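Heads up: the structure comes next, in structure tokens.
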Amino acid sequence: MLTSTFYPTIGGAEFMALELTKGLAARGFAVSFFAPEKSVTPISWQEWKEQIEMHPVLTMTSAIGIVISAYRILRILTAQALCAIHLHFAFPTGLVALPLGLIKRLPIVVTSHGSDIQKSDIVAYGSRRKRIKSVLTRVILNHAAIHVVVSKAMVPDALAAGSSREKIRVIYPGVRDAPMHRVRRPEALRALGIFPRDFVILFLGRMVAKKAPEDLIKAAPIIIENVRNAKIIIAGDGPELARLQHLVADSGLGDRVKFPGKITDADKGMLLDRCNVFVIPSIVEGTPHALLEALAFGKPVVATNIPSFVEILSHRKDAILVPVQSPEKLADAVIQTAKKIRRISRAPRQINTFNIDRMVESYIKVYEEVTKASS
């Protein structure tokens, strides 16, 4: 297993890689996991240390670093009998995995989470916007035995990136059931400025342009004017965080819009449990983990009307869907949702399609498929 990102970076791709590896170990597979040099091993990994070898040795920032990474992997795996190579993101991990696969004559499975095959000129998103990266991604996908995407909406992106329809498989991410990570900590909520009377609107994700947290900030004055005791929580870390904080400070909304910053898994469960509405105004996505968790908690959702969201959300049933980059309509949807949910209660939703066990078993079928084909 190779990934170009891992803990302490926390997001859907990192969670999926962790839970998949743990699920494979629980079913008797021996897994060698290769991650960037600065990665740390999550505490939840420790119980699997006899079946999972964690190697934070990848250096993906230069051509020399990629060569060094390939050498390190080959040296570690020389004495091991491998069945397949699984990489998360076709680029840049494919630059290391491809020569390894050719030398060891191993099938390669690629999982694309978004940035390696999707692109958006609106927010300058996606590695394929650079010609050399686009060419390298095409080469890597051409040599992959199976190409997994995390939503049906990503299939056109996969084809445009150089994959072929016969090798594409859709495997949705898995999330834990809400009761497994529900955390009630009133004192921690008070420390974040959240009180029992507050109507909490939550954004949870990386502070990057493609997720458009700025649109929620632009919608905030309208929401606050119409929703009594509204408190907007924008949780997560990323390159846009400082700019967004300044934007809120300049608007005078500092007491109603809060930035907890980078949060722990326990804090995430606490915020999902406490929030009244979950908002995700993304411009482009695969299948974001935070959205699936919000559904598992039974939270009403306001989301943008993009293909990957339409795939899993029903307008005015699971969510209100609005156009991208439309703060006014986003605000109106939050206000409508607030008026509605004051009259009803919602139970956690059973989302079997996004179950971790289902995800792991789907990947095992993929591994069986590629190993049979290569034998």
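Every number in this text was worked out from the coordinates using simple rules, so none of it is lab data. Predicted, not measured: the structure shown is a model, and the values here were computed from it. No Cβ is skipped: glycine too gets one built from the backbone with ideal geometry, and neighbour counts run over all protein chains shown.
The figures follow:
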{"item": "Relative contact order [Cα under 8 Å, 6+ residues apart], the range 178-351, whole percent", "result": "26 percent"}
{"item": "The chain: relative contact order as a whole-number percent, Cα under 8 Å and 6+ apart", "result": "15 percent"}
{"item": "Helix-only [θ]222 nm of the chain, DSSP H runs n ≥ 4, -39500 (n - 2.57) each, per residue, nearest 500", "result": "-12500 deg cm²/dmol"}
{"item": "Relative contact order %, the range 233-277, counting alpha carbon pairs below 8 Å whose residues are six or more apart", "result": "52 percent"}
{"item": "Packing-based exposure ordering (other Cβ within 10 Å, fewest first) of Asp157, Asp332", "result": "Asp332, Asp157"}
{"item": "By average C-beta atoms within 10 angstrom, highest first, the peptides 142-150, 54-62", "result": "142-150, 54-62"}
{"item": "Net charge of neighbours whose Cβ lies under 12 Å from the Cβ of Gly205, counting Lys and Arg as +1 and Asp and Glu as -1", "result": "+1"}
{"item": "Selection of trypsin sites (Lys or Arg not before Pro), the range 238-339, meeting DSSP coil and at most 16 other Cβ within 10 Å", "result": "Lys262, Arg316, Lys317"}
{"item": "Alpha-carbon centroids, the range 267-281 and the range 191-249: separation in whole Å", "result": "11 Å"}
{"item": "The range 1-89: GluC sites (Glu not before Pro) in DSSP coil with no more than 16 other Cβ atoms inside 10 Å", "result": "Glu37, Glu50"}
{"item": "Trypsin sites (Lys or Arg not before Pro) within the range 53-108: DSSP coil, no more than 14 neighbouring Cβ in 10 Å", "result": "Arg105"}
